[in-house]
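*Asks:* Below are the structure tokens for one structure; questions will follow.
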Amino acid sequence: MQSSDRVCHPSAVRVGPAPAPRLARVSRQQPEQQAPPVQRLRIRYAKRGRLRFTSHRDVSRAIERAVVRAEIPMAYSSGFHPHPRISYAGAAPTGAASESEYVELGLAAVRDPAEVGAALDAALPDGLDVVAVVDAATSLEGSLSDLLTASRWQIDLGDLAVEVVAPAVQAFLAAESVTVERMTKKGLRSFDCRAAVARMDVVDGSVGAALDLLLAHTVPAVRPDDVLTGLRETGALATPATALLTRAAQGVLDRDTGTIGDPLEAR
């Protein structure tokens, strides 16, 4: 019987490790470097009506689309994925209305601030309204985040009477610290909300009482609803679950006078 086994010629036998697979060539070409902005415009805008329920991410997308529709000559960042030079600072939390939100645009060509503001306002959806536009070169020095150190909030407490709210506010202000808890992305966190309150007054609201609250921007950030939690704990105040929050102003805090400076003020 003939064997079916084949004998390989010695020259056909591969000796040693297999060759490494060929790798695709990676381009070493660097991305195009974009020119820096020739003008920076600082914009104050309002978030009103139903848009108070809009998240900051949705607001930023709306602004980016409006910039394109308004044909504003934007400067772009360098890198493999250039994006328009738009800087946001001090965004209000979802569910809060605001008369004092800020964004800075880096432009590739010099434009009149008033014309840019009018074009952007026309391109934005109803409820996002441009309030003021200035050239950063003529306004206060420093970044927007450096100029936004406090916010003034109006908190409508529904039908709660002023006589009921006032004692709770006095008890809160008399406390050295008021510890509250809030669920964050890193879990449940405890912090002092009293230190961030520079001033708090009880005023007349649309129906009953309201709070005029001056809140410093601290780390960790203290929000108006944290102060409401503190009022419930220190003064046993039955605050409404859905109080209407409106940011009336945002800027540089002056603790001596208890006021907020305008970040768009001329130098």
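*Asks:* Need pairs with beta-carbon distance below 7 Å; first residue closer than 11 Å to Ile155 by Cβ and within region 230-248, second among the small types (Gly, Ala, Ser) and part of a helix (DSSP H, G or I); sequence gap 6+ or separate chains.
*Replies:* Correct list of pairs: Leu231/Ala168.
*Asks:* Please work out which residue is surrounded by the fewest Cβ atoms within 10 Å (Cβ to Cβ), limiting yourself to region 75-128 and to residues that are of a type in the set (A, V, I, L, M, F, W, C) and closer than 19 Å to Glu265 by Cα.
*Replies:* Looking at the filtered set, the residue picked out is Ala114.
*Asks:* Any residue that is under 27 Å from Gly261 (Cα atoms) and free of Cβ contacts under 8 Å to residues at least 24 places away in the same chain - is there at least one of those in region 97-113?
*Replies:* yes
*Asks:* Confirm whether Glu101 is under 30 Å from Asp212 (Cα atoms), outside the structural domain of Ala248 (by TED's automatic domain parsing) and of a type outside the set (Gly, Ala, Ser).
*Replies:* yes
*Asks:* Inspect all residues belonging to region 61-84 and state whether any of them is under 18 Å from the mean Cα position of the chain (by Cα) and hydroxyl-bearing (Ser, Thr, Tyr).
*Replies:* Scanning region 61-84 turns up no residue that is under 18 Å from the mean Cα position of the chain (by Cα) and hydroxyl-bearing (Ser, Thr, Tyr).
*Asks:* Of the conditions (1) touching a Ser or Thr at 6+ places or on another chain (Cβ under 6 Å); (2) part of a loop (DSSP other than H, G, I, E, B); (3) surrounded by fewer than 17 Cβ atoms within 10 Å (Cβ to Cβ), Ser190 fails just one. Which one is it?
*Replies:* Just one mismatch for Ser190, condition (2).
*Asks:* So, in region 41-84, of the ones that are polar (S, T, N, Q) and in contact with a strand residue (DSSP E or B) (Cβ under 9 Å, 6 or more places away or on another chain), which residue ends up modelled with the lowest pLDDT?
*Replies:* Among those residues, the one meeting the criterion is Ser77.
*Asks:* Looking at region 183-203, which of its residues are among the acidic types (Asp, Glu) and more than 21 Å from Gln250 (Cβ to Cβ)?
*Replies:* Result: Asp192, single match.
*Asks:* Let me ask another. Could you tell me whether Asp226 is closer than 18 Å to Ala96 by Cα, touching a strand residue (DSSP E or B) at 6+ places or on another chain (Cβ under 7 Å) and free of Cβ contacts under 8 Å to residues at least 60 places away in the same chain?
*Replies:* Answer is yes for this residue.
*Asks:* May I ask you to list the residues in region 230-267 that are polar (S, T, N, Q) and surrounded by fewer than 17 Cβ atoms within 10 Å (Cβ to Cβ)?
*Replies:* Matches in region 230-267: Thr242, Thr257, Thr259.
*Asks:* Somewhere in region 193-200, is a residue in contact with a Lys or Arg (Cβ under 9 Å, 6 or more places away or on another chain), outside any loop (DSSP other than H, G, I, E, B) and crowded, with 21+ Cβ neighbours inside 10 Å?
*Replies:* no
The values are calculated or read from the model by the stated rules, or taken from the named source; none is laboratory data. Treat the numbers as computed from the prediction; the structure is a model and nothing was measured. Virtual Cβ from ideal backbone geometry, glycine too; neighbours counted across all protein chains shown.
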